[in-house]
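None of the figures in this text is laboratory data; all of them are computed from the coordinates on show. Model, not experiment: these values are computed from the prediction. All Cβ positions, glycine included, derive from the backbone under ideal geometry; neighbour counts span all protein chains shown.
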Amino acid sequence: MKNTLFFIICFIIGSGLSWAQNPEINNDDDVTELDLIEAEIQQKPTGESSDGSVAKVEKSKTSIFKKDIEVVDDLVTLENWSQLAIIHPRFQPKYRRFQAFLGGGASLNNPWFLEVSAGLRGVYHFSDLWGIELGHFSFSGAHTQMTKELEAQLNVQVTSLIRARSYLGAHFYFAPIYGKMSWFNRRIIPYDVYFTVGLGQTQLEVPASQVASTMHIGAGQIFAITRNLGLRWDITVNFFFAQSPAQVEKTQTQMVLMSLGISYFFPEVRKR
């Protein structure tokens, strides 16, 4: 009898301890919180509750947004992992904007003269992809070391070689490639890759007073400094036919020019 009573008492005490250690029974607050979280996750976007009734979705009084994002400067108010900001893919938009370019360049394929140029171009962008460009280049230069040695040692005169004085032309502007690059892990620089093709006229210095019809092709990049300012460089090739005093007939001449300068875009665009 004593043994039976002892086992009954031990069973009751063990059952009580097991009940006290059971989280599903003891932790009522935790169970309630888990149920609320589960109900929140399973809630439909329209606010429909489990019984089919439509619940009114009220805006939280404590918003995670410090302020509404209206301009780029407001992005500094973003809190980590609490907001998402959508940034326009083109940092420097060109739709219905003018581009004014001023820069200099040098000829890459003339072994007789070290030719440099000053260029002025204007582009009207119908869209971020297409545009029309007017360009003017003025050329000047001096004899290279090879030319000086020929004149000094062999008495060879090179004054009859074809030289350009200026170029004026109209080109189609096409920018199908847009990208971004990292500058030593310090900042992101957006850029455009563009191509130009068009026709123009080359004013020749030798032979004097000749004007040659010219075909123009080119390719280059614009690195955005701001929304209105960019660093532009390109390589252009001008093809034209001309006849020097030492030639019997006209021959084709290619002038390869590399240019570098600054582009300014206007009118200004509103920050997004």
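General observations
- Residue-span extension gain [TYR124 to ARG186] - 0.36 nm each, minus C-alpha spacing: 19.1 nm
- Rounded to whole Hz, the Karplus (6.51, -1.76, 1.60) HN-Hα couplings of segment 165-181, x for glycine and proline: 9, 7, 9, 9, x, 10, 9, 7, 10, 9, 10, x, 10, 10, x, 9, 9
- Other residues within the sphere of radius under 13 Å centred on the Cβ of SER127, judged by their own Cβ, net out at +2 (K and R +1, D and E -1).
- Neighbour-count ranking [beta-carbon atoms within 10 angstrom, fewest first] of ASP128, ASP234: ASP128, ASP234
- A Förster radius of 25 Å combined with the Cβ-Cβ distance from ALA246 to LEU199 puts the calculated FRET efficiency at roughly 0.35.
- Each Lys or Arg adds one and each Asp or Glu takes one away; over the other residues whose Cβ falls under 14 Å from the Cβ of GLN157, this sums to 0.
- Environment charge of TYR264, counting only residues whose C-beta is closer than 14 Å and scoring Lys/Arg +1, Asp/Glu -1: +4
- Extension reserve of the ILE262-LEU154 stretch, reckoned as 0.36 nm per residue once the Cα distance is removed: 34.6 nm
- By the count of other C-beta atoms within 10 Å, a proxy for reagent exposure, LEU257, LEU154 are ordered fewest to most as LEU154, LEU257.
- The ranking of ILE188, ILE235, ILE222 by Cβ neighbour count inside 10 Å, starting from the fewest, reads ILE188, ILE235, ILE222.
- Taking amide H atoms as placed 1.01 Å from N in the peptide plane, the amide H of PHE139 lies under 5 Å from those of SER166, each 5 or more residues away in sequence or on another chain.
- Amide H contacts under 5 Å for TYR173, placed H, 5+ residues apart: GLY131, ILE132, GLU133
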